[in-house]
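Below is one structure; the comments refer to it alone.
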Amino acid sequence: MKVENHSFSNYKEVAVTHLSLNLKADFDKKELQGTATLKIKNTAGAKQLILDHKTLKVDNVAVDNKDVQFEIGPLDSILGAALIIPITAETKEVSVAYHTLPESEALQWLSPEQTHDKKHPFLFSQSQAILARTWIPLQDCPAVRFIYDATIEVPPHLMAMMSAENPTAKRKDGKYTFKQTKPIPSYLMALAVGDVEFTSLGRNSGVYAEPGMLKKCVWELADMQGMIDSAEALYGPYVWGRYDVLVLPPSFPFGGMENPVLTFATPTIIAGDRSLVSLVAHELAHSWSGNLVTNETWSDFWLNEGFTVYFEQRIMEKIYGHDYAEMLAGIGRGELQHTLDDMMQEAPDDTKLFLNLDGRNPDDGVTDIAYEKGRFFLRRIEEVVGRSAWDAFLNDYFKTYTFKTMNTTKFVAYLNEKLLNKHPGKIDLDTWIYGTGLPKDAPVVNSKEWQRVKDAIALYTKSKNPTDIDTKGYTTHHWLFLLRGMPLLSVDEMAALDKTFSFTGIGNAEVACVWYTLSVKNGYDAAFPEMATFLKSVGRRKFLLPIYKNLVKTSKGKALAEQIFSEARKGYHAVAAGSIADIIREAQPK
Ligand code: BES
Ligand code: ZN
């Protein structure tokens, strides 16, 4: 019997409290090989310890140093299988000897050509949501927290890094040791191995990147220490010691991942103008919302992401001012509207904050709803109670639930008790959390800049003359807002815009993604060769999906999508490749 949707583990009876990893990275075989030793707390006197595992070969299991017979449950394509280990009430420690398979979904093994400097191979993991089990046998659900230590052996010339205190220089023998003394959930287990170097950015912050791009990264992330200090001033002490960012090769499938102590980030934020650093504010904010107070199940994912987007905006506001932060919120509001327009037709139930993920991959819940509807819900509460009461509430919330899990029901009870009981009838929590769409009292974003861009779009829509668009002072965000707001255009109109603003082939991946999406929608074939290059060089899922999704709407486009995907696939991380394979398989081209 499963006690949680996405894990076979029996953690309510017996819980893992400590993990000791001892692994060797073999780049030729594309495998991690070694042991995971788990200390357990068997409060219920359970007779079995049930772990999650997937695409991972168990070689041997020992219980308190004695080999035992283990069992493997039936295989589920999403969850993997239960690893069932006999224990007694006295059992202290369970040790699993294992190796990963090349297809382990969390891990991406990159050839030198797939890195920035093209000299050495690279490995990184992505455990969220339920992929930790593809590289470590454990109780893979966010409700279980454990501390860990690790010894990782890698080839010489490479550095190993984890979601723990990290080395700042390479070790000749390739042996690295790690310690994470704060209890974390499994989805925050992380490992990266590559030819990287470190530069400090301040008191407790720094950046890791391949040597050939380190300088650019250091320049781009110069405000990071200020972000940490601002975040602490807002919502209490940063408890994780250091906050560093590792800038990964371009196939990293996400923008960022809040691995404790060491955020993993896409190189596409290194835009050369510091315009995309709000992503760092976001991942940093997770050091509170998510990593301190953790969603209990993936149905409560909005508690992680909605709080984090809200917190991210507050950090941005402190550093860059209200107008800039509000401009970014306007972008979020626009994205939310797009998402709602799509989803209210196809899957209205998924526009609820609290999600029903029965029998589904938690990946299905990763939409703008958790992020943006979540953020605007919290912003609505702020509007109702006022900023100072809301900030005091959040400070208490993070303190009270430090290293604990939170679910939606528990949050509502706490919110009512501590805050909303003083403001009866002001906000309809049920509609916000369990209702579809966006409630009528959703906060309105007021950004002067967006009015300016909207006016430019209106002018252009009438004249179709690109030089009518006054782009003085435009940032990445202005270009995004402009292109997202464009009406349907003819091929000639697209060509004229391209001639004036040189979009095709642009280096900024955010703008490139929106431009190529528009090119597909408007049948602007001239952009397709550069679009194909883009799709083959960037692995961030958020940039790939909109282009592939629009391509497969026509038979000609679908053929092109298939052709590009067949070449690009080997360069994509499993989570990105999986989503694109789904899009192509489910396509119904006209
Ligand atoms: N924790 C998420 C990434 C994630 C979520 C990975 C769910 C797997 C499953 C991370 O904090 C995140 O939200 N990243 C965003 C960037 C952010 C600025 C919105 C991304 O990767 O685009
Ligand atoms: Zn996030």
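The values are calculated or read from the model by the stated rules, or taken from the named source; none is laboratory data. Predicted model only: the values in this text are computed from it and were never measured. Quick reminder, even Gly has a Cβ in these numbers, built from the backbone with ideal geometry, and neighbours come from all protein chains shown. Surface areas here come from the heavy atoms of the whole protein model, side chains and all, with no ligands, DNA or RNA. Shrake-Rupley method; radii C 1.70, N 1.55, O 1.52, S 1.80 Å.
For segment 264-283, which residues satisfy the criterion of being more than 10 Å from ligand 1 (Cβ to nearest atom) and touching a Ser or Thr at 6+ places or on another chain (Cβ under 9 Å)?
Listed by number, the residues that qualify are A271, D273, S275.
If you scan segment 185-208, which residues turn out to be crowded, with 24+ Cβ neighbours inside 10 Å, more than 16 Å from ligand 1 (Cβ to nearest atom) and without any contact (Cβ under 8 Å) to a residue 60 or more places away in the chain?
V196, V207, Y208
Could you say whether any residue in segment 299-307 is away from ligand 2 (no atom under 16 Å from the Cβ), in the same structural domain as W390 (by TED's automatic domain parsing) and modelled with pLDDT of 95 or more?
Scanning segment 299-307, I find at least one residue that is away from ligand 2 (no atom under 16 Å from the Cβ), in the same structural domain as W390 (by TED's automatic domain parsing) and modelled with pLDDT of 95 or more, so the answer is yes.
Among the residues of segment 14-43, which ones are surrounded by fewer than 17 Cβ atoms within 10 Å (Cβ to Cβ) and in a loop (DSSP other than H, G, I, E, B)?
Result: D28, K29, T43.
What's the number of the condition N356 fails, among (1) open to solvent by 10 Å² or more (accessible area, probe 1.4 Å); (2) within 16 Å of ligand 2 (Cβ to nearest atom); (3) of a type outside the set (G, A, S)?
(2)
So which residues in segment 78-90 are outside any strand (DSSP E or B) and either modelled with pLDDT under 95 or crowded, with 19+ Cβ neighbours inside 10 Å (or both), if there are any at all?
L79, I87
So S287 ticks every box in (1) closer than 16 Å to Y371 by Cβ; (2) within 13 Å of ligand 1 (Cβ to nearest atom); (3) not acidic (D, E) but one. Which box is left unticked?
(1) is the only condition that S287 fails.
Per-residue answers, yes or no, for (1) acidic (D, E); (2) crowded, with 19+ Cβ neighbours inside 10 Å; (3) closer than 17 Å to A442 by Cα:
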position	(1), (2), (3)
R375	no, yes, yes
V384	no, no, yes
N395	no, no, no
T402	no, no, no
K426	no, no, yes
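Say whether the condition of being open to solvent by 10 Å² or more (accessible area, probe 1.4 Å) and free of Cβ contacts under 8 Å to residues at least 24 places away in the same chain is met by at least one residue in segment 476-491.
No, segment 476-491 contains no residue that is open to solvent by 10 Å² or more (accessible area, probe 1.4 Å) and free of Cβ contacts under 8 Å to residues at least 24 places away in the same chain.
Report whether or not Y320 is more than 15 Å from ligand 2 (Cβ to nearest atom) and at pLDDT 95 or above. Outline the logic, then answer.
Values: more than 15 Å from ligand 2 (Cβ to nearest atom): yes; at pLDDT 95 or above: yes.
Against the criterion (more than 15 Å from ligand 2 (Cβ to nearest atom) and at pLDDT 95 or above), Y320 qualifies.
What number goes with the only condition from (1) outside any loop (DSSP other than H, G, I, E, B); (2) under 27 Å from D358 (Cα atoms); (3) aliphatic (A, V, I, L, M) that A46 does not pass?
It is condition (1) that A46 fails.
Name the pairs whose Cβ atoms lie under 8 Å apart, with the first residue in segment 553-567 and basic (K, R), the second not in a helix (DSSP H, G or I), and 6 or more positions between them or separate chains?
Listed pairs, sorted by first residue: K553/A587; K553/P589; K553/K590; K558/V552; K558/A587; K558/P589.
Pick from segment 315-327 the residues that are crowded, with 21+ Cβ neighbours inside 10 Å and out of contact with any Asp or Glu (no Cβ under 7 Å at 6 or more places or on another chain): which of them is farthest from D273 (Cα to Cα)?
Filtering first and then ranking leaves I315.
List, please: which pairs have Cβ atoms under 8 Å, are six or more places apart or on different chains, and start with a residue in segment 52-72 that is under 11 Å from P86 (Cβ atoms) and modelled with pLDDT under 95 and end with one that is open to solvent by 80 Å² or more (accessible area, probe 1.4 Å) and among the hydrophobic types (A, V, I, L, M, F, W, C)?
Final answer for the pair search is none.
Which members of segment 251-286 meet the condition of being over 28 Å from R569 (Cβ atoms), open to solvent by 10 Å² or more (accessible area, probe 1.4 Å) and within 12 Å of ligand 2 (Cβ to nearest atom)?
The answer is S278, H282.
Pairs needed: first member in segment 248-259, under 13 Å from L191 (Cα atoms); second member anywhere, outside any loop (DSSP other than H, G, I, E, B) and more than 9 Å from ligand 1 (Cβ to nearest atom); C-beta distance under 6 Å; at least 6 residues apart or different chains.
These pairs meet every condition: L248/F124; L248/F264; M257/F264; N259/L188.
Could you check, for segment 457-474, whether at least one of its residues is at pLDDT below 95, in the same structural domain as F528 (by TED's automatic domain parsing) and open to solvent by 40 Å² or more (accessible area, probe 1.4 Å)?
There is at least one residue in segment 457-474 that is at pLDDT below 95, in the same structural domain as F528 (by TED's automatic domain parsing) and open to solvent by 40 Å² or more (accessible area, probe 1.4 Å).
Identify all residues within segment 107-136 that are open to solvent by less than 20 Å² (accessible area, probe 1.4 Å) and in a loop (DSSP other than H, G, I, E, B); write none if there are none. Steps first, answer last, please.
Our first condition is that a residue be open to solvent by less than 20 Å² (accessible area, probe 1.4 Å); within segment 107-136, this holds for 107-108, 110, 115, 122-127, 129-136.
Those that are open to solvent by less than 20 Å² (accessible area, probe 1.4 Å) and in a loop (DSSP other than H, G, I, E, B): T115, Q126, S127, A129, I130, L131, W135, I136.
Hey, can you tell me all the residues within segment 435-454 that are out of contact with any Gly (no Cβ under 9 Å at 6 or more places or on another chain) and farther than 20 Å from V511 by Cα?
Those that are out of contact with any Gly (no Cβ under 9 Å at 6 or more places or on another chain) and farther than 20 Å from V511 by Cα: G435, T436, G437, L438, P439, K440, D441, A442, P443, V444, K448.
Tell me, yes or no, whether segment 170-182 has at least one residue that is open to solvent by less than 10 Å² (accessible area, probe 1.4 Å) and farther than 28 Å from D363 by Cβ.
yes
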